[in-house]
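The numbers here are math on the coordinates, done by the rules we state, and not lab data. Keep in mind that what you see is a predicted model, and the values were worked out from it rather than measured. Note that we place each Cβ from the backbone using ideal geometry, even for glycine, and neighbour counts take in every protein chain shown.
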Amino acid sequence: MRILSGIQPSGRLHIGNYFGAIRQHIAFQEKGDECFYFIANYHAMTSRNDRAELEANTLHVAMAYLALGLDPKRSVFFAQSDVPQTTELCWILNCVCPMSLMEKATSYKDKIAHGLSTNVGLFDYPVLQAADIVIYDSHLVPVGADQKQHIEITRDLATKFNLAYGQEALLLPDAHIVPEVAVVPGTDGQKMSKSYNNTIEMFVSPKETQKQCGQIVTDSTPLESPKNPDTCNVFALLKLLAGPAELAEIADKYRAGGYGYGHAKKRLADLINEKFAAARERYAELEKNPAMVRDVLRDGGRRAREVAETTMQRVRAACGIVTNR
């Protein structure tokens, strides 16, 4: 089975990225699936226009994945921009995509509601995402719950192309969502996202982790009063890190009273620091050798292009695009 997923280099990676996506990506690799993972730097341009920032964030994501256990010998790991066939396919899919399909995209509406500036790239994001997916003949796409609609759009576009040209040139992928971590709450209770500035980062110092955990929004229940763990943002994050026995113990402390949100935040920070200590050490070593990281992406791009070009040969033949290369 071929797995495909991408991640935007639009900021520093956070624990929501890990529990919502990266952990599953590594698990698929360890299971022996054929994995294609890419850094979606073209997608990042819909909300970022700082050249130095985009370049630095792209390398940051690459180093983070390698530090967290991605093996470039077992997975195809590359930058989106190293596969020009993807933007070629995006244009072709645009030509079979009804405007009404894009106007229904809830992710676009949500980003606009949160104050992101509008641009055509942001509006057309799902079509480029569809091209990213189908160009590698992907079978399964691990995504968060908020991206499920984009996979449905991908299937719709692949179907429309196949029907328009009377050929089964594009495979239809399926979404893979892990329900219990489909949405990881941020410090403000919304989905943790770089766009909302509500993240707890992975690759920072233990002291900075404590500071970020301290910013999690809670209610004003006094220290001595009982609290409901099921409605607490801190407890929702503790569920991702604490073992069953400790989690049950903390829940009992919540309900008994005398256990403050500050106690829970401190324990959360300790667990995060323990969880990512080894990866932080590996990340620090990779920072010393950016040339090696670029070599990894270069090789992954070469392997990805080979697969993408095979798909594009079918697509061009199906729709009558003549090339003289």
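Miscellaneous remarks
- Compactness of the stretch 22-101 was expressed as the Cα radius of gyration divided by 2.2 N^0.38 Å, which yields 1.30.
- Cross-link partners for residue 191 among the lysines, with Cα-Cα distance under 27 Å and sequence neighbours closer than 8 places in the same chain left out: 104, 109, 111, 148, 207, 211, 227, 239, 253, 265, 266, 275.
- Helix 148-165 vs. the chain, principal-axis angle (Cα, 0 to 90°, nearest 10): 10 degrees
- For the stretch 74-96, the residues whose amide N sits under 19 Å from a probe point set 7 Å from the Cα of residue 164 along the beta carbon direction are 85-96.
- The C-alpha radius of gyration of the stretch 112-160, expressed as a fraction of 2.2 N^0.38 Å, stands at 1.24.
- Helix axis angle, 244-256 relative to the chain longest principal axis, alpha carbon, degrees: 50 degrees
- Note that the chain carries a Kirkwood radius of 21.1 Å, evaluated over its alpha carbons pair by pair.
- Helix-only [θ]222 nm of the chain, DSSP H runs n ≥ 4, -39500 (n - 2.57) each, per residue, nearest 500: -17000 deg cm²/dmol
- Kirkwood-type radius of the stretch 204-284, with distances r between different C-alpha atoms, in Å: 13.2 Å
- Folded to 0 to 90 degrees: helix 120-134 orientation relative to the chain principal axis, Cα: 80 degrees
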